[in-house]
Amino acid sequence: MIDVIFNFLLQFDFLIKNNLELSLILYFVFSFLFFTFSLPGGLIIILASSFFFGFITGFIINITTSVLGSLCFFLFFKNIFKKYFNKQIKKFSDKLNKIIKKSSFEYLVLLRLIFGVPLFVQNLFLSTLNISKTNFIISSFIGFFPYFLFFSFIGNQFSDLIEVKEFQLINIVSFELILIFFILIIFIIFRIFLNLNKKFFKFN
């Protein structure tokens, strides 16, 4: 089975390298549509982009198509909710917006940083909130950045097809990468905590 996958990747990689510009355009469009519909299996798309096109190009494709695709999903469902479920969504949205009002941007970034929550669920949830397109784009970019940087780097390690069979995750998951990721999460939580305290003392 491993040999079959290995041969497929080798042939596909050869095909892409001989049609690089067309492959870039087609893959960008495919990735954009994939993230627009927020389909499951996004990790495969992220790894594949840097595998076939390199770390930097792959990362740019990943971050751009995921943010723009998610924005399209967000705007579409926001319009659907407003048009057909306005009363039901408004009650939920008003309550939630009051809770996150003081730290809305931090909450948005933190949601993106929670690994394991499907993109479809994230985007659907955000569609119910009263947030601007600008905040959506910036918070998505910041929240996606560490994950896509990390997985784009992993995907790029597979680019040397000779070493694919010997690839081990332990060789690239460094303590420094994990530490930076957790510091980022702690910083955001700390910002939320400070804003909540300011709000508490204001009422007292």
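The values are calculated or read from the model by the stated rules, or taken from the named source; none is laboratory data. Keep in mind it's a predicted model, so treat the numbers as computed, not measured. Cβ sites come from the backbone with ideal geometry, for glycine too, and all protein chains shown count toward neighbours. Just the protein is used for accessible areas: all its heavy atoms, side chains included, with ligands, DNA and RNA removed. Shrake-Rupley method; radii C 1.70, N 1.55, O 1.52, S 1.80 Å.
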### Query
Restricting the first residue to the stretch 18-43 and requiring it to be of a type in the set (Val, Ile, Thr), which pairs with a second residue that is at pLDDT 95 or above meet a Cβ separation below 6 Å and a spacing of at least six or different chains?
Thr36/Gly69; Thr36/Cys72; Thr36/Phe73
### Task
Could you tell me which of the residues Tyr84, Tyr27 is of a type in the set (Phe, Trp, Tyr) and open to solvent by 90 Å² or more (accessible area, probe 1.4 Å)?
Tyr84
### Query
Is there a residue in the stretch 136-148 that is surrounded by fewer than 16 Cβ atoms within 10 Å (Cβ to Cβ) and in a helix (DSSP H, G or I)?
yes
### Task
Within the stretch 42-63, track down each residue that is closer than 27 Å to Thr128 by Cα and surrounded by fewer than 16 Cβ atoms within 10 Å (Cβ to Cβ).
Leu43
### Query
Do we have Lys90 as of a type outside the set (S, T, N, Q), in a helix (DSSP H, G or I) and either modelled with pLDDT of 85 or more or surrounded by 13 or more Cβ atoms within 10 Å (Cβ to Cβ) (or both) here?
yes
### Query
Before we move on, is Phe55 within 25 Å of Gly116 (Cα to Cα) and modelled with pLDDT under 90?
yes
### Summary
Exactly one of Lys102, Lys17, Lys98 is under 22 Å from Phe125 (Cβ atoms), at pLDDT below 90 and loosely packed, with under 12 Cβ neighbours inside 10 Å, and that one is Lys98
### Message
Being under 19 Å from the mean Cα position of the chain (by Cα) and over 17 Å from Ser70 (Cβ atoms) is the requirement here; does Phe53 meet it?
### Response
yes
### Message
closer than 24 Å to Tyr27 by Cα, out of contact with any Pro (no Cβ under 9 Å at 6 or more places or on another chain), open to solvent by 70 Å² or more (accessible area, probe 1.4 Å) and part of a helix (DSSP H, G or I): is that true of Leu39 in this structure?
### Response
no
